[in-house]
1. For the stretch 47-168, with equal point scatterers placed on the C-alpha atoms only and solvent neglected, what are the log10 I(q)/I(0) values from the Debye formula at q = 0.11, 0.13, 0.16 1/Å, to two decimals?
2. Return TRP51, TRP140 ranked ascending by Cβ neighbour count within 10 Å, so the fewest neighbours appear first.
3. Report ³J(HN,Hα) in whole Hz for each residue of the stretch 89-98, in order, from the Karplus equation J = 6.51 cos²θ - 1.76 cosθ + 1.60 where θ = phi - 60°; Gly and Pro get x.
4. What is the spin-label model distance, in nm, from THR160 to LYS98 if the labels are put 7 Å beyond Cα along the C-beta direction?
5. Distance cut-off 28 Å, Cα to Cα: go down the list LYS44/LYS69; LYS110/LYS154; LYS118/LYS177; LYS69/LYS98; LYS69/LYS144; LYS69/LYS177 and report the pairs above it.
6. Please report, in whole Å³, the volume per residue of the convex hull around the C-alpha atoms of the stretch 123-177.
7. Roughly how far apart, in whole Å, are the Cα centres of the stretch 146-177 and the stretch 83-138?
Amino acid sequence: MRKEYKLLMMNRLRCRIMNAFCFLSVLCMLHGFCIGDPLHKEGKIDALTLWEYMIVENPYQNYPTWPGKEGFYESTMPPGNILKLYVNDLALDTIVNKRGVFPDGALLIKENYTDDRKVFLITIMYKAKGFNPAGHDWYWVKYKPDGEVRLEGKVDACITCHVGVASNDYVFTGSIK
């Protein structure tokens, strides 16, 4: 009887340890996803890492859209006529709470469509602290729908166009102040 009791107590202890381990693992994962760990490490970011994250690890089609821009909407700026704009939770918090500047790790993903609603370009603004202080630290990428990188980094064409809204952290879509 004593041996059975000892075994029962050991099994309970193992179960509690395993439950604590699982609970801590879930907390760590949630911290990374909810806080929005930056995709860049040591000041380095590249388009292929970003694509892998947006398509496989955390599919951007599951992200919320810019409030008031749900579904398709007409563009007032290049490069597309019809758009869909997805934002990660960090960006959404900035938009909703009018924080004025997007934080490190904010991600804006714009699908650009032809008039017959076929995606022809995916353009990205990703905030990477220290990447380009003169350009509000935005890292720019243009992808073809299959993930082929067309432009990336400190893209002059993007910066030149968006500098007109530098006071809105380089974003045209709506006020973040």
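1. For the stretch 47-168, the Cα-only Debye profile gives -0.34, -0.49, -0.77.
2. TRP51, TRP140
3. My calculation for the stretch 89-98 gives 4, 4, 5, 4, 4, 5, 5, 5, 9, 6 Hz in order.
4. Each label point is offset 7 Å from its Cα along the Cβ direction, giving 3.4 nm.
5. Values: LYS44/LYS69 31 Å; LYS110/LYS154 18 Å; LYS118/LYS177 33 Å; LYS69/LYS98 16 Å; LYS69/LYS144 22 Å; LYS69/LYS177 17 Å.
As for pairs spanning more than 28 Å Cα to Cα, those are LYS44/LYS69; LYS118/LYS177.
6. Values: hull volume 4.6 nm³, N = 55.
In the stretch 123-177, the Cα convex hull volume per residue is 85 Å³.
7. 8
Read-outs throughout are calculated quantities, based only on the coordinates presented, and are distinct from any laboratory measurement. These numbers come from a predicted model, not from an experiment. Note that we place each Cβ from the backbone using ideal geometry, even for glycine, and neighbour counts take in every protein chain shown.
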